[in-house]
Amino acid sequence: MKTRNQKGLESKYWLLIIVAACILCMAATFFAGVKSGPVRVIADYTVVPMQKGINVIGTWVNGVADNFVTLKSVQKENKTLKEQNANLKMENNQLQQKAVELERFYDLYKMDQNTSDYPKVGARVIANDGSNWFTSFTIDKGSTDGIREDMNVLSGNGLVGIVTKVNAHSSTVRSIIDEVNISSMIMTTFDQCIVSGDLKLINNGVVKFEQLANNENEVAVGEQIVTSNISSKYLQGLLIGYVSEVNVDSNNLTRSGYIIPAVDFKKLQEVLVITTTKQDLIDNGNQTKSDSSEK
């Protein structure tokens, strides 16, 4: 019972203190308006300082409230700016990807113009053999698109490989770096040689050539090597790469060396498939000769 009365008494005291504070505030407002006399003197030492303190507290509270509102506004604006920044970064990445893609398509267009004698169809690379190099890969065009085995495949820079397997809507391409031998020639002198794919050498960024006649024709570094007219499966004049090193063989009759491929076999995405084969040209040539002889 005593504890309950004590609590009730404490509550009453607090109520009296609050009432007294209110009265003092009212008095402060009243006496602050008195301009002279003893009351004014008392007010100057008691009420006015209290009023100033109350004004300072009120100003501080208003400042805190304003700062809180400003902070909320800044936080909201910061969130909006972060979202805009993220969107701009995404748009920038997309634009960069499109720029790179356009550059690849432009290279394909130039290759198409440079080999305009051959009909072609574009295709996308959709899978490879799982290695770091595109030694064998799959494209998204097949027999329904007119693709057949032994059709030559180009990128925007040069010869990639040859079609080895055809399905209805996809085909497999074997690249020239996959241990294949290609009858080739020096672009300027037409001297014949053999280019050989080598999976070990390609790790150094090169393939080898050999059986080049050691004659009076000089072969300079940077010389272009293209497919030969006597190649059994590759059409003539397709760029393979650029000579990086030439050496005379021990027999002193031939030369050999290394080529930097024109194609980056780590980054194949789009290709051109020449829709005629070397055998087609041979057959057409034989048919033309046959027709001429009949006349």
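The values are calculated or read from the model by the stated rules, or taken from the named source; none is laboratory data. Treat the numbers as computed from the prediction; the structure is a model and nothing was measured. Here the Cβ is made from the backbone with ideal geometry for all residues, glycine too, and neighbour counts use every protein chain on show. When the accessible area is computed, the model is the full protein with side chains, heavy atoms only, and any ligands, DNA or RNA have been set aside. Shrake-Rupley method; radii C 1.70, N 1.55, O 1.52, S 1.80 Å.
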Inset, instruction - Check each of the trypsin sites (Lys or Arg not before Pro) in region 216-272 and keep only those in coil by DSSP with at most 13 other C-beta atoms within 10 angstrom; list them in order. - result: LYS266, LYS267
Inset, instruction - Over every pair of different alpha-carbon atoms in region 240-279, take the mean of 1/r and invert it; report that Kirkwood radius in Å. - result: 13.3 Å
Legend entry - Where region 139-295 is the region considered: accessible area per residue in Å², 1.4 Å probe: 49 Å²
Legend entry - DSSP-assigned coil residues among trypsin sites (Lys or Arg not before Pro) in region 104-154, each with at most 16 further Cβ atoms within 10 Å: ARG148
Inset, instruction - Enumerate the calculated ³J(HN,Hα) couplings along region 267-275 in order (Karplus 6.51 cos²θ - 1.76 cosθ + 1.60, θ = phi - 60°), each rounded to whole Hz, writing x wherever the residue is Gly or Pro. - result: 9, 8, 10, 10, 9, 10, 9, 6, 8
Legend entry - region 205-259: translational diffusion in µm²/s, Stokes-Einstein, Kirkwood Rh over Cα pairs, 10 °C, 1.306 mPa s: 133 µm²/s
Inset, instruction - Considering Cα pairs under 8 angstrom that are at least six residues apart, work out the relative contact order of region 111-259 and quote it in whole percent. - result: 16 percent
Inset, instruction - Starting from the Cα coordinates of region 166-205, work out the convex hull volume and express it per residue in Å³. - result: 117 Å³
Inset, instruction - Using only alpha carbon pairs under 8 Å that are at least six residues apart, calculate the relative contact order of region 226-288 and give it in whole percent. - result: 27 percent
Legend entry - In region 212-286, GluC sites (Glu not before Pro) in a DSSP loop with at most 12 other beta-carbon atoms within 10 Å: GLU216, GLU218
